[in-house]
């Protein structure tokens with residue numbers, strides 16, 4: 001298949017087994033205390049991705065915000081994600097505005113652009129994430145983050161397989177910093193969505209909108225588990 005060939009999905013939003021139904025998602029977050037949700041980072045934060053037939057052309061963050069808003073119509077939402085942003089750029093140019101927004105729930109998505117080319121510095125990524133997590137948690141926000149999926153096993157991803165070790169290293173940094181700051185971590189490395197042949201956009205970097213739908217469901221599940229933990233129901 002050419003990288004420019006339109007992608008077709010084997011599922012739609014109505015029958016995708018990896019998705020939460022809208023009412024299920026809202027029910028999971030019905031008692032959520034968060035009133036100000038922010039997302040900062042790179043193109044993943046911004047919701048970049050090719051459209052998928054049968055799925056709304058909506059990025060994962062906007063989907064999560066819509067669910068939180070359905071559970072609490074007073075929710076305020078801000079997304080400052082920018083295509084191409086490095087963790088240094090996110091820290092310097094996006095973090096100050098997010099802190100002014102005074103969120104109580106923040107998702108941080110960056111690191112891929114730091115390590116996209118050989119020679120990227122995982123240590124600098126760790127430093128920037130730690131600084132952002134420190135500032136956000138000291139301001140009273142719960143931080144959310146996710147790892148990237150191991151998508152390089154499918155034939156279509158062969159041209160990008162040199163990226164796999166770098167993204168695995170990025171995930172290790174993300175996991176470590178998430179543990180240190182007790183962040184909500186959504187794990188995608190071994191998630192079953194990674195094997196879908198139609199998961200990746202034509203650029204072989206970003207998920208299609210079907211993938212964004214799955215990401216949103218998993219983030220909602222992770223947030224619900226944190227609610228259960230904080231409320232002592234598990």
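The values are calculated or read from the model by the stated rules, or taken from the named source; none is laboratory data. The shown structure was predicted, so the numbers you read here are calculated from the model rather than taken from an experiment. Here the Cβ positions follow ideal geometry from the backbone for every residue, glycine too, while neighbour counts run over all protein chains shown.
For this structure, a couple of remarks:
- Residue among 185, 204, 136 that alone is touching a residue at least 12 places away in the same chain (Cβ under 8 Å), at positive phi and under 18 Å from the mean Cα position of the chain (by Cα): 204
- Condition check for residue 148: in a strand (DSSP E or B) and within 25 Å of residue 227 (Cα to Cα): no
One line per residue, one yes/no per condition, for (1) under 24 Å from residue 167 (Cβ atoms); (2) in contact with a helix residue (DSSP H, G or I) (Cβ under 7 Å, 6 or more places away or on another chain); (3) surrounded by 23 or more Cβ atoms within 10 Å (Cβ to Cβ):
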{"residue": "64", "(1), (2), (3)": "yes, yes, yes"}
{"residue": "69", "(1), (2), (3)": "no, no, no"}
{"residue": "72", "(1), (2), (3)": "no, no, no"}
{"residue": "77", "(1), (2), (3)": "no, yes, no"}
{"residue": "91", "(1), (2), (3)": "yes, yes, no"}
{"residue": "107", "(1), (2), (3)": "yes, yes, yes"}
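- Qualifying residue in region 20-33 (condition: within 19 Å of residue 200 (Cα to Cα) and part of a loop (DSSP other than H, G, I, E, B)): no
- Residue check, residue 159 surrounded by fewer than 13 Cβ atoms within 10 Å (Cβ to Cβ) and either touching a residue at least 24 places away in the same chain (Cβ under 8 Å) or touching a strand residue (DSSP E or B) at 6+ places or on another chain (Cβ under 6 Å) (or both): yes
- Test: residue 130 is under 20 Å from residue 33 (Cβ atoms) and either surrounded by fewer than 20 Cβ atoms within 10 Å (Cβ to Cβ) or free of Cβ contacts under 8 Å to residues at least 40 places away in the same chain (or both): no
- Within the set 95, 68, the sole residue that is under 15 Å from residue 129 (Cα atoms), in a helix (DSSP H, G or I), touching a strand residue (DSSP E or B) at 6+ places or on another chain (Cβ under 8 Å) and touching a residue at least 24 places away in the same chain (Cβ under 8 Å) turns out to be 95.
- Taking the criterion of being surrounded by 15 or more Cβ atoms within 10 Å (Cβ to Cβ) and at pLDDT 95 or above, the residues of region 140-156 that qualify are 141, 142, 143, 144, 145, 146, 147, 148, 149, 150, 151, 152.
- Members of region 139-156 found to be over 20 Å from the mean Cα position of the chain (by Cα) and closer than 17 Å to residue 194 by Cα, listed by number: 153, 154, 155, 156
- Among the candidates 40, 125, 115, 19, the residue that is crowded, with 19+ Cβ neighbours inside 10 Å, at pLDDT below 95 and under 30 Å from residue 161 (Cβ atoms) is uniquely 115.
- Test: residue in region 166-183 that is touching a helix residue (DSSP H, G or I) at 6+ places or on another chain (Cβ under 9 Å), surrounded by fewer than 20 Cβ atoms within 10 Å (Cβ to Cβ) and under 27 Å from residue 24 (Cβ atoms): yes
- Within the option set 120, 140, 81, being in a loop (DSSP other than H, G, I, E, B) and touching a strand residue (DSSP E or B) at 6+ places or on another chain (Cβ under 6 Å) holds for one residue only, 81.
- Search result, residues across region 164-182 that are under 27 Å from residue 230 (Cβ atoms), assigned to a helix (DSSP H, G or I), over 16 Å from the mean Cα position of the chain (by Cα) and touching a residue at least 40 places away in the same chain (Cβ under 8 Å): 176, 180
- Per the conditions (1) under 19 Å from residue 25 (Cβ atoms); (2) out of contact with any helix residue (DSSP H, G or I) (no Cβ under 9 Å at 6 or more places or on another chain), the sole criterion not satisfied by residue 220 is (2).
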